[in-house]
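Peer 1: Take a look at the following structure, please.
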Amino acid sequence: MSAQITEGTLAEMRELIARYPEPQSALLPMLHLLQSVEGYVTAEGIETCAAVLGLTAAEVSAVATFYTMYKRRPVGTYYVGVCTNTLCAVMGGDVIFDRLKDHLGVGNDETTDDGVITLEHVECNAACDYAPVVMVNWEFFDNQTPESAVQLVDDLRAGQTVQATRGARVCTWREAERVLAGFPDDRADEGPAAGPATLAGLKLARERGWKAPAPDAGRATGDGGAATKVGAAEQADTTRAESESKLDESPADVVGGKTDEPIDVDKHSGEGSS
Ligand code: FES
């Protein structure tokens, strides 16, 4: 056992395993836990997971090398991921990534000499509505520019407290990995969550009274879902016609005339589940 993988780590691995019907289901959080204690997934960490779960090292390694959130080399205090996927790229993601490489003196998947920043270009962060997006330890920094991204990494290297655009204060890579492993800290409700651009579709659906069909609606009538399918088709025709009639309107008209109007997230999330 390494100095970092302690009896306490093994106890937490067993705690994770106990949360699932099948022990192997705990592998993903276990790998995050390893990253929180070792900074990345080491060969010894893979052997440990394999031994605890009754798998081969090759099986664990196959998982650890498949998902890009698992790192096989040491990560700095802050992992900075610049989205260079299509939308972010055309909105400036490529320029941001190149500027940060020059500014930090590192290439892709490399760490600064002081061990503070690991830079990597990443694929879509599912935050395209705020492109170009940069992530620090998986927290969102929206609508970035080369200048704001440089300021961001400078603040991190200076040890300043940095607040995500939508989310919590940025913690260290290892602290973030512990949360992903399933051991939450006190920051889950910090900062703003979804913003107006993300909720525009929900707002539109609510204004039009659009709802997803109940999953068991057809079963209740005993018609094998035929009535539901007919109803859904009619609804689709209606909504399609309404949408097409809106094509001549501006995006601002479609979402209610005020694209940057604050949206009551609590109200929407509560009503949307009904
Ligand atoms: S393309 Fe960058 S978040 Fe989707």
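Peer 1: Taking 0.36 nm per intervening residue step and subtracting the Cα-Cα distance, what contour gain separates Asp216 from Leu87 on full extension?
Peer 2: Taking 0.36 nm per residue and subtracting the Cα distance, the gain is 42.7 nm.
Peer 1: Which distance in Å, rounded to a whole number, links the C-alpha centroids of the range 40-73 and the range 134-189?
Peer 2: One Cα centre to the other: 26 Å.
Peer 1: Now for a different question. Based on the alpha-carbon gyration tensor of the range 78-181, what equivalent-ellipsoid semi-axes (square roots of 5 times the eigenvalues) come out, in whole Å, largest first?
Peer 2: The equivalent ellipsoid of the range 78-181 has semi-axes of 19, 16, 12 Å.
Peer 1: Could you work out, for the range 8-63, what percent of all Cα-Cα pairs fall into each 10 Å distance bin, beginning at 0 Å and stopping at the bin that holds the largest distance?
Peer 2: Answer for the range 8-63: a P(r) of 26, 63, 11 percent.
Peer 1: Among Met30, Met13, Met91, rank each residue by its count of other Cβ atoms within 10 Å, from fewest to most, as a rough exposure measure.
Peer 2: Met91, Met13, Met30
Peer 1: Follow-up. Within a 10 angstrom radius of the beta carbon, how do Ile117, Ile5 rank from fewest other beta carbons to most?
Peer 2: Ile5, Ile117
Just so you know, all these numbers are worked out from the coordinates, no wet-lab data involved. Keep in mind that what you see is a predicted model, and the values were worked out from it rather than measured. All Cβ positions, even for glycine, are placed from backbone atoms using ideal geometry, and neighbour counts span all protein chains on display.
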